[in-house]
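Visitor: Dropping the structure in here first, questions after.
The values are calculated or read from the model by the stated rules, or taken from the named source; none is laboratory data. Since we're looking at a predicted model, the values are computed, not measured. Positions of Cβ are backbone-derived with ideal geometry, glycine not excepted, and every protein chain shown enters the neighbour counts. For accessibility, only protein heavy atoms count, side chains too; no ligands or nucleic acids. Shrake-Rupley method; radii C 1.70, N 1.55, O 1.52, S 1.80 Å.
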Amino acid sequence: MSSIPRPAWGYGPRVIPGPSAAPSSSPWIDLDSASARPLHPAAREALLLAHEHGYADPRRLHHAGRRARQLLDNAREVVASCLGARPDEVTFTGSGTEAVHRGLLGLARGRRRAGGVVAHTAVEHSAVLHAADFSAAEHGTTTRVVDVDPGGRVDLDALAAALEPRDVALLAVQGANHEVGTRQPLADVARLAAAYGDVPLLVDACASVGWEPLPAEWSVAAASAHKWGGPPGVGVLAVRKGARWRDPSPADDRGDRRALGFEDVPGAFASAAALQAVLAESEESGRRVAALVDRLRTEVPRLVPDVDVVGDPVHRLPHLLTFSCLYVEGEALVTALDGAGFGIGSGSACTASTHEPSHVLAAMGALTHGNVRLSLHPGTREEDVDRFLAVLPGIVARLRADVGL
Amino acid sequence: MSAAPFAGSPGVAVDEELDCRGLPCPAPVLALAKAARGRGDGAAGAVLAVVAEDPAARVDVPAWCRMRGHAYLGADAADDGVARHVVRLGGAV
């Protein structure tokens, strides 16, 4: 037998053997799937196949070019059908961030005459915030931030007030939040956006695609393949036919007029295979993982005193749970849990390169220190959750004792 | 030297001011929690202030109040312009 651990994604538990010094009875468990997931087996197979048969320039008219074109078209069709889009509305980008940036800047450009305001909720991904800042600095737009409630849902009265002056070029509202899992009421948002002068909606769906269907209300949508088990370095930019989107980048001569440069055909093909596979499994895996998250959501505040469970209790993604522990540093918690065999995310300031607390947690009024984001994956087992619940109270108590509380 | 009264609300005297200048998150909340505990049973009603540059304090001091049953009165500025967060302790510390 090979000694290389088999990446067991989709076939069973996803575990990485602990450090060789440690006994192998407690494998390291990745509970950070919202950051990245390993390649889905379907993607691995598709990637190898497409590297072999889809290496050529899809614009070329010769045999190899036509094969690459066929794989790219196939990938586009599959992703379009998974997202509820038309194939000609879908473009593969280099990342979810690139899709968000070009989606936002393209709508701002296309709607220049309609208004100079870029509006977004206070809990959008930093890709939206940075694109809005860039647009303000380079193109003179102004940015209007719409408040959310303590659960992270957009305040619809505040949204109506933000749209009321009818100077909004575009409105960015994510499908669901990447840090706390809260889903936005996109149908209500879209109704308001339509009522105040047909404002186009940019839906950043990076956190939710792969777990649930993309709601239909977008003018432009963005997604990211490594979050659903595709390879890293592949994003999706979907632009509705008829949307007032004008390419903010220099033109290129590709078949897809929105594509920039030589397409990553193997990456696109593997991403499509992974998306199709995870969506086929998502109803079952979503239900199973949601039950585990429900248990964590109940048990964590029961077992650990002074915990702030963050996010909307009802309208949320199935696989994600965020909570903050009073008096504890997020970085210390990440390190201690890693030592105990769990990989987790954190939005605490000390874990960020900027040393600023998460703007998402801040907008919700949630405690920002001692923050833990758990994101489960289809391979997470009941016993992983049992063990997490067994080690967490002791770790938090020890860290609190270390600071005298 | 006694602390300056809270500028955000006339007539609110500050019983104790904590200096967390230069300290990172979560030091301001730790300092408040320890000062509150130090007051024991007589804590309720006392007004504490914490001076801190830590950007997380703006969010975490009100969140601490919400979680521990205290009242967040607001923020003003110390003489050197650094933000000062003011709370009135509730019953539980």
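Visitor: Could you tell me what a quarter of the Cα convex hull surface of the protein assembly as shown works out to, in nm² with one decimal place?
Guide: Details: hull surface 106.3 nm².
That works out to 26.6 nm², a quarter of the Cα hull's surface.
Visitor: Where in segment B:12-37 does accessible area fall by at least 20 Å² between the isolated chain and the complete protein assembly, at a 1.4 Å probe radius?
Guide: Buried-area filter returns B:CYS25, B:PRO26, B:VAL29, B:LEU30, B:ALA33, B:LYS34, B:ARG37.
Visitor: Related question: Using modelled backbone amide H atoms (1.01 Å from N, in-plane), which distant-in-sequence or interchain residues come within less than 5 Å of A:ALA172's amide H?
Guide: Here A:ALA119, A:HIS120, A:THR121, A:LEU202 satisfy the definition.
Visitor: Tell me the net charge near A:GLY261. Cut-off is 12 Å between Cβ atoms, A:GLY261 excluded, with +1 for each Lys or Arg and -1 for each Asp or Glu. Each step should come with its number before you reach the end.
Guide: Working: positive: A:ARG59, A:ARG254, A:ARG258; negative: A:ASP57, A:GLU98, A:ASP252, A:ASP253, A:ASP256, A:GLU263, A:ASP264.
It works out to a net charge of -4.
Visitor: Right, another one. How high is the FRET efficiency from B:LEU23 to A:ARG86, r the C-beta distance, R0 60 Å, rounded to 0.05?
Guide: On the way: r = 55 Å, r/R0 = 0.92.
After rounding to 0.05, the efficiency reads 0.60.
Visitor: What is segment A:41-276's relative contact order, in percent, from Cα pairs under 8 angstrom and six or more apart in sequence? Don't skip to the end; give the middle numbers.
Guide: Details: 502 pairs, mean separation 69.2, N = 236.
Answer for segment A:41-276 is 29 percent.
Visitor: Over chain B, consider all pairs of different Cα atoms and compute the Kirkwood hydrodynamic radius from their mean reciprocal separation; express it in Å, one decimal. Could you put the intermediate results ahead of the total?
Guide: Working: mean 1/r = 0.0778 Å⁻¹.
Taking every pair of different Cα atoms in chain B, averaging 1/r and inverting gives 12.8 Å.
Visitor: Carbon and sulfur: what percent of segment A:41-276's accessible surface (1.4 Å probe)?
Guide: Details: 4890 of 9510 Å².
After summing per-atom areas, the C and S share lands at 51 percent.
Visitor: Can you find, among A:LEU48, A:LEU107, A:CYS82, the residue sitting farthest towards the positive end of the charge dipole of segment A:47-204, where Lys and Arg contribute +1 and Asp and Glu -1 at Cβ?
Guide: The listed residue farthest towards the positive side: A:LEU48.
Visitor: Please list, ordered by chain and number, the residues whose modelled amide H lies under 5 Å from the amide H of A:VAL234; skip anything fewer than 5 residues away on the same chain.
Guide: Residues meeting the criterion, in which the H sits 1.01 Å from N, are A:ALA225, A:HIS226.
Visitor: By the scheme Lys and Arg +1, Asp and Glu -1, what is the net charge of all other residues having a beta-carbon under 11 Å from that of A:ARG60? Spell out each step's value before the answer.
Guide: On the way: positive: A:ARG59, A:ARG66, A:ARG67, A:ARG69; negative: A:ASP57.
It works out to a net charge of +3.
Visitor: Hey, another quick one. Once all Cα-Cα distances of segment A:118-194 are split into 10 Å bins that start at 0, what whole-number percent is in each one?
Guide: 19, 53, 26, 2
Visitor: Classify segment A:278-330 as rounded, prolate or oblate, taking a ≥ b ≥ c as the square roots of the eigenvalues of its Cα gyration tensor: rounded when a/c is under 1.5, otherwise prolate if a/b is larger than b/c and oblate if not.
Guide: Details: a/c = 2.77, a/b = 2.40, b/c = 1.15.
Taking the square roots of the gyration eigenvalues as a ≥ b ≥ c, segment A:278-330 is prolate.
Visitor: Given N residues in segment A:41-276, what is Rg(Cα) / (2.2 N^0.38 Å)?
Guide: So the Cα radius of gyration is 1.01 times the expected 2.2 N^0.38 Å.
Visitor: Quick one: accessible area per residue over the protein assembly as shown, 1.4 Å probe, rounded to a whole number of Å²? Please report the intermediate quantities before stating the final value.
Guide: Values: 20940 Å² over 498 residues.
With the other protein chains kept in place, the protein assembly as shown gives 42 Å² per residue.
Visitor: Could I ask something else about it? How far apart, in nm, are two points set 7 Å out from the Cα along the Cα-to-Cβ line at B:ARG66 and at A:HIS355?
Guide: Computed distance between label sites B:ARG66 and A:HIS355 equals 2.6 nm.
Visitor: Related question: For a protection proxy built on the mean count of beta-carbon atoms within 10 angstrom, sort A:337-343, A:215-221 highest first, please. Before the final figure, lay out the partial values.
Guide: Values: A:337-343: 17.6, A:215-221: 23.4.
Order by mean packing, descending: A:215-221, A:337-343.
Visitor: Roughly how big is the B-A contact, given as buried accessible area in Å² (both sides, 1.4 Å probe, nearest 100)? Intermediate values should be presented prior to the final figure.
Guide: Details: alone 5030 and 17480 Å², together 20940 Å².
Buried area (both sides, nearest 100 Å²): 1600 Å².
Visitor: I'd like the mean, over residues of B:49-59, of how many other protein chain beta carbons sit within 10 Å of each residue's own Cβ.
Guide: Numbers: counts 0, 0, 0, 0, 0, 4, 7, 13, 3, 3, 13.
That average works out to 4.
Visitor: Can you list the trypsin sites (Lys or Arg not before Pro) in segment A:32-85 that are in a DSSP coil and have 15 or fewer other beta carbons within 10 angstrom? Could the numbers behind the result be given before it?
Guide: Numbers: sites: A:ARG44, A:ARG59, A:ARG60, A:ARG66, A:ARG67, A:ARG69, A:ARG76; in loops: A:ARG59, A:ARG60.
In loop regions of segment A:32-85 (DSSP not H, G, I, E or B), the sparsely surrounded trypsin sites (Lys or Arg not before Pro) are A:ARG59, A:ARG60.
Visitor: How much length, in nm to one decimal, is gained on full extension between A:ALA397 and A:ALA161, taken as 0.36 nm per residue of separation minus their Cα-Cα distance? It would help to have the intermediate numbers written out before the result.
Guide: On the way: separation 236, 0.36 × 236 = 84.96 nm, distance 4.52 nm.
Length difference between fully extended and current span is 80.4 nm.
Visitor: Could you give the C-alpha radius of gyration of segment A:167-313 expressed as a fraction of 2.2 N^0.38 Å, taking N as the number of residues it contains?
Guide: Numbers: Rg = 18.3 Å, N = 147, 2.2 N^0.38 = 14.7 Å.
Expressed relative to 2.2 N^0.38 Å, the Cα Rg reads 1.25.
Visitor: Leaving ligands, DNA and RNA out of it, work out the accessible area of A:GLU77 with a 1.4 Å probe and give it in Å² to the nearest 10.
Guide: We get 110 Å² for A:GLU77.
Visitor: Per-residue mean of other chain beta-carbon atoms within 10 angstrom of the beta-carbon, peptide A:44-50?
Guide: Numbers: counts 0, 0, 0, 0, 0, 0, 0.
Taking all residues of A:44-50 together, the mean is 0.
Visitor: Here is a further query. State the Kirkwood hydrodynamic radius of segment A:255-354 in Å, one decimal place, computed from all pairs of distinct Cα atoms.
Guide: Values: mean 1/r = 0.0587 Å⁻¹.
About 17.0 Å, per the Kirkwood formula over Cα pairs.
Visitor: While we're looking at this one, here's another question. At a Förster radius of 51 Å, what calculated FRET efficiency corresponds to the Cβ-Cβ distance of B:VAL82 and A:ASP73, to the nearest 0.05?
Guide: Working: r = 60 Å, r/R0 = 1.18.
With a Förster radius of 51 Å, E is 0.25.
Visitor: In whole Å, what is the distance between the alpha-carbon centres of segment A:69-137 and segment A:244-302?
Guide: What the calculation gives is 13 Å, centre to centre.
Visitor: For segment A:299-307, what does the Karplus curve 6.51 cos²θ - 1.76 cosθ + 1.60, with θ = phi - 60°, yield as ³J(HN,Hα) per residue in whole Hz, taken in order and with x for Gly and Pro?
Guide: Each residue of segment A:299-307 in turn: 7, 4, x, 6, 8, 10, x, 6, 10 Hz.
Visitor: Residues of segment A:289-313 with accessible area at least 10 Å² lower in the all-protein-chain context than alone (1.4 Å probe)?
Guide: Correct list: A:ASP306, A:ASP308.
Visitor: Quick one: go through segment A:31-74 and flag any residue whose amide nitrogen is under 12 Å from the point 7 Å out along the Cα-to-Cβ line of A:ASP253.
Guide: A:59-60
Visitor: Here is a further query. In whole percent, what relative contact order does chain A give with Cα contacts below 8 Å and a gap of six or more residues? Numbers along the way, then the final one.
Guide: Details: 860 pairs, mean separation 86.5, N = 405.
Here the relative contact order equals 21 percent.
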